[in-house]
Amino acid sequence: MKDQIKMREEEISRLLMEQPVDLKALRKLSRSEGGFINNQLRARVWPKLLGVNRFDIPDYRSFIDPHRDDSQVKVDVERSLWKIDKTVTWRDTFREDRRKALCDIMMAILCRNADLYYYQGFHDVTSVFLLVLDDDHIAFALAEVISRDYISDFMNCDFEVVGRSMKMLFVIIKASDSVLHRFLMSAEMEPFFATSWLLTWFAHDLQYISDAARLFDAILCSHPLFIYYLCAAYVIHLRNEILAAECDFSGIHDVLVRAPSVHGFPTDKIIALADTLFARTPPDVLKKLCDPEVQKLIYYNQIAAICKPHVYVDFIDSDWTILQRMRVRHSGGQSFYLERQFASAMTLIGWNSAAHELMDATVHAAHYDNKGNSSDSGSAPRNDKKDSKGIKGSPPARLIKNGQAKKTENDKGMKSGLYYMSTMSGQGMVVIAIVIGLVSYS
């Protein structure tokens, strides 16, 4: 099992190093067990999937102005970041700091997109980006993309469209399990049991951030309607529990709303079942099976997830290509060619973590000065506070001090001298990498 995970980590790392990055291959890997494996890889993969250049993001705080939803956002944020496992051991001061960042990210998105309205649950979705990516600016950029391309139906001025479109859940269930559907209809069930599942991408109902991140792996690689299929898949997964309950609204509703905490949430199994449902009743078929009320919404282009779906591309520039352009822009033509060759060599001999940290180091060298300030006058530093290592600047600043890349605690496989890039020539680095590769395989 560990060997399989290691192989998939290497496959994801290899895809990210290629030019261009094959997004179709990454989307396929999102369906393998564990998805994108860990948060370090997700921090590199998720921006690619959403077309975000994670190295050139403006300071979101500059977009914040007084807004109509100020008070509701603050109320919801005060109740956030305490239930999911990663936040349980946080100190109160750190929790307040993270809540302030969460509030600012959402307010920046709302102020920058005047047609979007805050809804209760948006903070749950945004908090997953904040917790997984561990970078406020990247979290802002990704949350802004999904607010426009995935959940804009939830961010209308009212819930009329959402309330009606939720009936699609029963259409999906009926196409797969007519017995279960008949039982639910006999109990006069309404789809409102799935409200928090749908609006928060299950983030409100899950205890572990790893489960939420795994679901996001799949959702970000799928049609915007995929969350409906996930909700239907979870209902079908609970088939035995539902059929064992009394055939009445309150009994079944209670089983469903308590299910994530009582029966758990096997993420990989639910994703696989949702894929089966999607293949059986794809969106083009689904919209024809909906009741007249929903079809009317579709006719008038009022369900964005159907009428204006996210446009996918199959390839996108690699980080190295982006960084090379930034270097040309900022420092008159210098190239990342040798650093790329060195990182590629480390990837080939199994030092994926070291290769990624080298990339972050060169990013910081290109985009930030020694004080942690952006070299791009249009951008601001990712963080203006000290990070966990006590070095001021963006997250890659853990690896940089005075222009030199330093060895970190995670570089167990690397000799510290290899990270002092400023003391050796590019040819020397490649030779050392090749020599160490030969030694490691001898």
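The values are calculated or read from the model by the stated rules, or taken from the named source; none is laboratory data. On a predicted model such as this, the values are computed, not experimentally measured, just so you know. Positions of Cβ are backbone-derived with ideal geometry, glycine not excepted, and every protein chain shown enters the neighbour counts. Protein only, heavy atoms only, side chains kept; ligands, DNA and RNA dropped before computing areas. Shrake-Rupley method; radii C 1.70, N 1.55, O 1.52, S 1.80 Å.
Loop-resident trypsin sites (Lys or Arg not before Pro) (DSSP state other than H, G, I, E or B) in region 167-272 with no more than 16 further Cβ atoms inside 10 Å of their Cβ: 167. Using the 1.4 Å probe convention, the accessible area of region 188-264 works out to 34 Å² per residue with neighbouring protein chains retained.
In the full protein assembly as shown, how much of residue 22 is accessible to a 1.4 Å probe, in Å² to the nearest 10? Per-residue accessible area (residue 22): approximately 40 Å².
Counting Lys +1, Arg +1, Asp -1, Glu -1, what net charge surrounds residue 147 among other residues with beta carbon under 12 Å of its beta carbon? In short, -2. Excluding residue 156 itself, what net charge comes from residues whose Cβ is under 12 Å from its Cβ, given Lys and Arg +1 and Asp and Glu -1? My count for the surroundings of residue 156 gives -3.
When the chymotrypsin sites (Phe, Trp or Tyr not before Pro) in region 26-104 are filtered for DSSP coil states and for at most 16 other beta-carbon atoms within 10 Å of their beta-carbon, the remaining sites are 82, 90. Shown here for region 1-63: GluC sites (Glu not before Pro) in loop regions (DSSP other than H, G, I, E, B) with at most 15 other Cβ atoms within 10 Å, namely 18, 33.
Each peptide in 199-208, 275-284, 226-235 receives the mean, over its residues, of other Cβ atoms within 10 Å, and ordering these scores from highest gives 226-235, 199-208, 275-284.
What region 39-155 shows is 38 Å² of accessible area per residue, with the surface traced by a 1.4 Å probe over protein heavy atoms. Derived scalar couplings between HN and Hα for region 97-103 equal 4, 5, 5, 4, 5, 4, 4 Hz in order, rounded to whole Hz, by the Karplus curve 6.51 cos²θ - 1.76 cosθ + 1.60 (θ = phi - 60°), x for Gly and Pro. With all protein chains in place and a 1.4 Å probe, the accessible surface of region 39-155 carries 49 percent carbon and sulfur.
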